[in-house]
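Reading through the structure tokens given below for one structure.
The values are calculated or read from the model by the stated rules, or taken from the named source; none is laboratory data. Note that the structure is predicted; figures quoted are calculated from it, not measured. So basically every Cβ, Gly included, is an ideal-geometry build from the backbone, and we count neighbours across all protein chains shown. Surface accessibility is based on the protein's heavy atoms, side chains included, excluding ligands, DNA and RNA. Shrake-Rupley method; radii C 1.70, N 1.55, O 1.52, S 1.80 Å.
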Protein chains: 2
Amino acid sequence: MNRKQINVGLIGMGIVGTGAAKVLVENADLITAKVGIPVKLTKVADKDIVTKRPVELDPSVFTTDANELLNDPDIDIVIELIGGVHPAKEFVHTALANGKHVVTANKELIAKDGHELMDMADQNKLDFMFEGAVGGGIPIIGPMKTVLAANRIKRVMGIVNGTTNFILTKMAEDGADFDSVLKEAQAMGYAEANPTADVEGYDAKYKIAILASIGFVCRVNVDDVYCEGITKIAADEMRWAKELGYVIKLVAIASASDDGKMAIRVHPVMLHETHPLASVRGVSNAIMVNGDAVGDVMFFGPGAGSMPTGSVVAGDVVDIARNMVKNANGRVGCTCFEHRDVTPMDQVVSSHYLRMRVIDRPNVLAQVAGVLGANDISVRTVVQRQRLDEFAEIVWITHPATEGDFRRAVSELKRVPVVTSVCATMHVEFPAGSKY
Amino acid sequence: MNRKQINVGLIGMGIVGTGAAKVLVENADLITAKVGIPVKLTKVADKDIVTKRPVELDPSVFTTDANELLNDPDIDIVIELIGGVHPAKEFVHTALANGKHVVTANKELIAKDGHELMDMADQNKLDFMFEGAVGGGIPIIGPMKTVLAANRIKRVMGIVNGTTNFILTKMAEDGADFDSVLKEAQAMGYAEANPTADVEGYDAKYKIAILASIGFVCRVNVDDVYCEGITKIAADEMRWAKELGYVIKLVAIASASDDGKMAIRVHPVMLHETHPLASVRGVSNAIMVNGDAVGDVMFFGPGAGSMPTGSVVAGDVVDIARNMVKNANGRVGCTCFEHRDVTPMDQVVSSHYLRMRVIDRPNVLAQVAGVLGANDISVRTVVQRQRLDEFAEIVWITHPATEGDFRRAVSELKRVPVVTSVCATMHVEFPAGSKY
């Protein structure tokens, strides 16, 4: 490459965009040294070019028209950070068509249309990178695509949404209920005004779909990801979890089975307190990857935030710029060359938590246990407790059973006269190889 | 590239070599799919070609002569896994001179001569990779060189030696002393017959020198790394650590200061039990990297072992093979383009643990505290306890002080008549930003 400088255009000067710009500007000397020539942010497109950002940039770089940047022949790398599928997809498409390398942190776009865009980049020998799409500032996509590339990935499990982890941590530690903690999180800027994407698990769904597709080298349809949010978690469950030695987290799990199928799901989990993910507090994220040769490796760090996520977006830019100088672009394209069927949720095997209220009279425990046993659910832990209102509460933690058997047992229990209500159910996870 | 197959030669069929070979053979289909053409282990050199290894390889691939492999024009990638500087360096040199890409997990070689060999690879547009040199199966070198490349790394801190962590974990949990646990570790294959390199901290020294050179983009002379092993840690310290809420670990720390200097050290540390590294047990490793933008990220996993380390060696092979197919080799060469002076150990600032025996009479505590105060050592925690032998034991944990001030205080204390002995000292670390 004969160019004397690499020019970068950024679309979307929001939280992550501002962080990425700051890193590119403030660490320009370090980046120049690593790349060999300067890497300069020469254009920034955003709807709002009036609000002052905490980045030293010449006012002339700002434009409200993304096309100005996409069609600028001097721009080598386009960073897309507007989020959502449209018009982000069209912008990325145009950038690739115009021969520009692309960096994005757009999990929804990658989860839904990543393969198409990666194929397009590949055909044009362009780099298309998205480390910031999962895990905020935590390196995870790069390591899975390179260092762990010789492993058959068996399982990826993580806490990949900082907002919900903040809420659940607060609920557990302060004993507060979901609604009040959500309000607090919104006031602190940890949750958006419309928190649906986070609290219903959609954000985590896109992220685990991306990790599964890389890990299992196959395309993943996001609609095949089972998804359940945290809005229904009651303070009662928090108390029971604590008493029994568990922590409730919103966990994303992708697992590949030996029959070639995969199961991908996002839902609240009671993690045994000795589980490596149980100690992940607040807005931190952590992702465990299990490979056939390496075993378990875990990646931990800030799961969101302007500077952390901005810094890995800038890291992708450095990588691409270095490739440009060495004429080495287009190394790692889409790696989805296998097909995997999806294991239906009712065949997924897991331990379960079950809380119910019963009329307090003789033989009730035996009756309930009988229903569980008849549905192949064996019991690991059971605690019965008298309540002031003369009902009794029984909490069960089962040994692993299929979701189908468990659901069927719960349906039957609801029809047992002495069971006045099934208050809550939740999946339960233990550390790998544990005998708990 | 027009080749129909990429050929790999392996020198050193020991523990890691066998793991790497197994992964390359058993996951050949996955690797072929990722690379685009087959990657085949066509030659293995080892002094011992008689012992049967648990890998399916044609007997004809084995040779006792490394040169046969190094001079084979059909071999594209050489894996060096014999360890030590000589003749490993000569082998790598010949491989690069003959136009072959190189993968190694040889920490001593990289720490001592990495820059020379990387420069040579760079000049020949060859890849030279060494992910397995630090952290066993944990991705750390790749992420630091790529994903975190836009961050100024401020600090790298880790448990990077599995043998010593196994020993210290056993000592803490079983109350056993160093010598007996070492014997047990040797019997279990976790420690070598000659355990010096591990227990004296040399292995960790090479590893932190490598991480520091990548993080701080400068060359590191391994002789500048302060190094202290675990052989002198007494069961008494284990008990005190437990009582006070700490865990003793052999920790490697590299820190860059704002004046452009760096301090690199390996020594036992009392980690406060809330420190993220405190929960790393047995042969596991964990490395925390602090960057100016990303903050703290942590990498955790198996720090050694045939399959874990072998799998990242194979991962490097996949990466190089993929580069070959895309004509993208020689992307990331040596990144040591800065110079940093080394902060002398006596200027390094840390909290300290200090245990002493004193004659039990009035005013002793005040006398000792006075000596500490006169040397600018302020006290965080102090516990005095009467012993059966009529001496008293006093244990101190100090606020941060320079090593020089602390050592001077200890020297003076040894001359105080009521102090019968200074039994032990140790560095102490708290979680980032903690107020403990």
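Taking Cα pairs under 8 Å and at least six residues apart, what relative contact order does chain A come out at, in percent?
17 percent
Mean per-residue shielding of peptide B:25-37 is 3, counting Cβ atoms of other chains within 10 Å of each Cβ. Each residue of the range A:151-162 was assigned a 3J(HN,Hα) from its phi angle through the Karplus curve 6.51 cos²θ - 1.76 cosθ + 1.60 (θ = phi - 60°); the sequence is 8, 7, 7, 9, 7, 10, 9, x, 9, 10, 10, x Hz, with glycine and proline shown as x.
Residues in the range A:407-418 carry Karplus couplings, in order, of 4, 5, 4, 5, 4, 5, 4, 5, 9, 6, x, 6 Hz; the curve used is 6.51 cos²θ - 1.76 cosθ + 1.60 with θ = phi - 60°, and Gly or Pro positions show x.
Mean projection of the Cα convex hull over all viewing directions, computed for the protein assembly as shown: 40.1 nm².
The range A:381-436: which trypsin sites (Lys or Arg not before Pro) are DSSP loop and have at most 16 other beta-carbon atoms within 10 angstrom?
A:Arg387, A:Arg415, A:Lys435
From Cα pairs below 8 angstrom and at least 6 apart in sequence, can you work out the relative contact order of the range A:132-211, rounded to a whole percent?
Values: 47 pairs, mean separation 27.3, N = 80.
Relative contact order of the range A:132-211: 34 percent.
Packing order of peptides A:5-12, A:241-248, highest average first: A:5-12, A:241-248 (average count of other Cβ atoms within 10 Å over each peptide's residues).
Structural descriptor for the range A:355-436: relative contact order 39 percent, calculated from alpha carbon pairs under 8 angstrom and at least 6 residues apart.
All Cα-Cα distances of the range B:86-156, cut into 10 Å bins from zero to the largest, leave 19, 48, 29, 5 percent in each bin in turn. Shape annotation for the range A:290-436: C-alpha extents along the principal axes are 79, 36, 27 Å, from largest to smallest. With respect to chain B, whose longest principal axis is taken over its alpha-carbon atoms, helix B:178-187 is tilted by about 20°. Entry comment: accessible area of chain B is 39 Å² per residue, from protein heavy atoms only and a probe of 1.4 Å.
Across the accessible surface of chain B, with the other protein chains kept in place and a 1.4 Å probe, carbon and sulfur atoms take up 50 percent. Residues whose amide H falls under 5 Å from that of A:Val103, counting only those 5 or more places apart or on a different chain, are A:Val78, A:Ile79, A:Glu80, A:Met129, with hydrogens built in the peptide plane. Under Stokes-Einstein, with the Kirkwood radius over Cα pairs as Rh, the value for chain B at 4 °C and 1.567 mPa s is 56 µm²/s.
Evaluated with a Cβ-only charge set (Lys, Arg +1; Asp, Glu -1), the range B:128-208 carries a dipole of roughly 720 debye about its Cα centre, given to the nearest 20.
Note down the magnitude of the dipole of chain B about its Cα centre, charges +1 on Lys and Arg C-beta and -1 on Asp and Glu C-beta and zero elsewhere, to the nearest 20 debye. Before the final figure, lay out each step's value.
On the way: 45 positive and 54 negative charges, 145 e Å.
With only Lys, Arg, Asp and Glu charged at Cβ, the dipole is about 700 debye.
Counting only other chain Cβ atoms within 10 Å of each residue's Cβ, the peptide A:333-340 averages 2. Considering only B:His267, A:Thr309, A:Gly142, the residue lying farthest towards the positive end of the dipole of the protein assembly as shown is B:His267, judged by Cα position with unit charges set on Cβ.
Counts of other chain beta carbons within 10 angstrom of each beta carbon in peptide B:307-317 average 6.
The magnitude of the dipole of the protein assembly as shown, with charges of +1 and -1 set on the Cβ of Lys/Arg and Asp/Glu and taken from the Cα centre, is near 360 debye. For the range B:287-364, go through all pairs of different Cα atoms, get the mean of 1/r, take its inverse, and jot down that Kirkwood value in Å. About 19.0 Å for the range B:287-364. Within the range B:371-436, the proportion of Cα pairs with more than 17 Å between them is 46 percent. A helix-only calculation puts chain A at -10500 deg cm²/dmol for mean residue ellipticity at 222 nm, using -39500 (n - 2.57) for each DSSP H run of at least four residues, averaged over all residues. Here the range B:127-210 is treated as an ellipsoid with the same Cα gyration tensor; its semi-axes, largest first and in whole Å, are 30, 14, 10. The packing ranking, built from the mean of other Cβ atoms within 10 Å per residue, places the peptides A:284-290, B:133-139 in the order B:133-139, A:284-290, highest first. Taken along its three principal axes, the alpha carbon spread of the range A:31-118 comes to 35, 34, 23 Å, from the longest extent down to the shortest. Summary of the geometry: the range A:282-305 and the range B:193-236, compared by the centres of their Cα atoms, lie 26 Å apart. Remark: spin-label model distance B:Glu90-B:Gln384 equals 6.5 nm, labels positioned 7 Å along the Cα→Cβ axis.
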